[in-house]
Amino acid sequence: MSTLPNASKFYYQSKDTFKSEMDIVHAFPRTDFETGMHMQEFFEINIITRGSGRHYIEDGSVDTRVGDVFVIPPKVSHGFEGGNGFDVFHVLISDKFLNKNMTELQTLPSFFTLFNAEPIMRGNAKSGLHLRLNDSQFQDLNAILTQTLKYRNQKDPFHCFARSGIVMMLISFLCKVYTGNTDASAKMSGESDQAFMRVISYIHEHYSEKISIETLAAIAYLSRSTFIRRFNKICKMSPSDYIIKCRLEAAEYMLMNTSCTLVEIAFKCGFYDASHFSHTFKKIYGVYPIEYRTIKIKS
């Protein structure tokens, strides 16, 4: 493929990739790799381990080399051009893994930058925007990847648990590199892109609090009107809608994984009160939170 992979090669990977409650992460290498545009219902980390190629994401693309790391969120189309001599290591991460470990993950500096802000910005930056490891960092990461192969195919609880632990180590390592090495990222298109990544990360870190547009605009070093216009272009929604999206995603997790009351969930997720939370939730999900919790538990 010398151009953007043809849409006729588009395919979709579902959560059925994970076979059990314990089987919540997968890790495996692909040699001489090339694939058309596709998307999945889970997070994926792609690590270039040999050769060079081209990574396509949404409507953009970037040249890649050994040590490049791409975090791909759910429902984002992407593909690779490479082929002979181009190897990519894949780490598939289910929402169950993230839900189980979110309390710990969100304490990692740069976690929200890597998993939320950077993927959004990557499709809008004028140049490559992704984590790029130096030789020493890549060797350290490769040692972690090698560990995952010991537990690659086994589905028993012992190996599934070990696999999850190694992926936690992998994510922690990537966040540490990103935080500690300002040269780890590929060349960015300017301070404005970095500022917008800080905005998106700030929203994910502070969604439970009151967030003003003025505060976000200040982080981005833009006037209120310019900030709103640029945010709409980058995120395909307004800042207010994005904040609500983050709050509802957190609320959905709490509905499914805790016994918290609607009042407690509303408070912890940044809504005015339980009534405001319920009506906002129904507008997006089609049912009230209590109905959603009942339906999901029965299913």
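The values are calculated or read from the model by the stated rules, or taken from the named source; none is laboratory data. Here the structure is a predicted model, which is why all the values come from computation and not from measurement. Using ideal geometry, Cβ is built from the backbone for each residue, glycine included, and neighbour counts are taken over all protein chains shown. Keep in mind that these areas ignore ligands, DNA and RNA; they rest on the heavy atoms of the full protein, side chains included. Shrake-Rupley method; radii C 1.70, N 1.55, O 1.52, S 1.80 Å.
Computed values, structure above
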{"quantity": "Near pairs, Cβ below 8 angstrom, 6+ apart or cross-chain, from segment 268-291 (on the phi > 0 side of the Ramachandran plot) to any residue that is loosely packed, with under 15 Cβ neighbours inside 10 Å", "calculated": "G270/S208; G270/E209; G270/K210"}
{"quantity": "Test: residue in segment 29-36 that is under 28 Å from G180 (Cβ atoms) and aromatic (F, W, Y)", "calculated": "no"}
{"quantity": "Segments classed as helices (runs of 4 or more DSSP H), wholly inside segment 81-150, with at least 3 members that are touching a helix residue (DSSP H, G or I) at 6+ places or on another chain (Cβ under 7 Å) and closer than 23 Å to R65 by Cα", "calculated": "118-122, 135-149"}
{"quantity": "Yes/no for I295 being touching a residue at least 60 places away in the same chain (Cβ under 8 Å), of a type outside the set (F, W, Y) and out of contact with any Cys (no Cβ under 6 Å at 6 or more places or on another chain)", "calculated": "no"}
{"quantity": "Number of the exception - I290 against (1) at pLDDT below 95; (2) more than 28 Å from N101 (Cα to Cα); (3) out of contact with any Phe, Trp or Tyr (no Cβ under 8 Å at 6 or more places or on another chain); (4) outside any loop (DSSP other than H, G, I, E, B)", "calculated": "(2)"}
{"quantity": "Hey, K236 closer than 28 Å to P109 by Cα and open to solvent by 80 Å² or more (accessible area, probe 1.4 Å) or not", "calculated": "yes"}
{"quantity": "Number of the exception - T226 against (1) within 25 Å of F115 (Cβ to Cβ); (2) modelled with pLDDT of 90 or more; (3) assigned to a helix (DSSP H, G or I); (4) not acidic (D, E)", "calculated": "(1)"}
{"quantity": "E264 surrounded by 13 or more Cβ atoms within 10 Å (Cβ to Cβ), acidic (D, E) and within 25 Å of N116 (Cα to Cα)", "calculated": "no"}
{"quantity": "Count of segment 39-91 residues which are open to solvent by 10 Å² or more (accessible area, probe 1.4 Å) and over 17 Å from the mean Cα position of the chain (by Cα)", "calculated": "19"}
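Residues checked against (1) modelled with pLDDT of 95 or more; (2) farther than 19 Å from E44 by Cα; (3) open to solvent by 80 Å² or more (accessible area, probe 1.4 Å):
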position: D135; (1), (2), (3): no, yes, yes
position: K150; (1), (2), (3): no, yes, yes
position: D156; (1), (2), (3): no, yes, no
position: H159; (1), (2), (3): no, yes, no
position: R163; (1), (2), (3): no, no, no
position: M169; (1), (2), (3): yes, no, yes
position: C175; (1), (2), (3): no, no, no
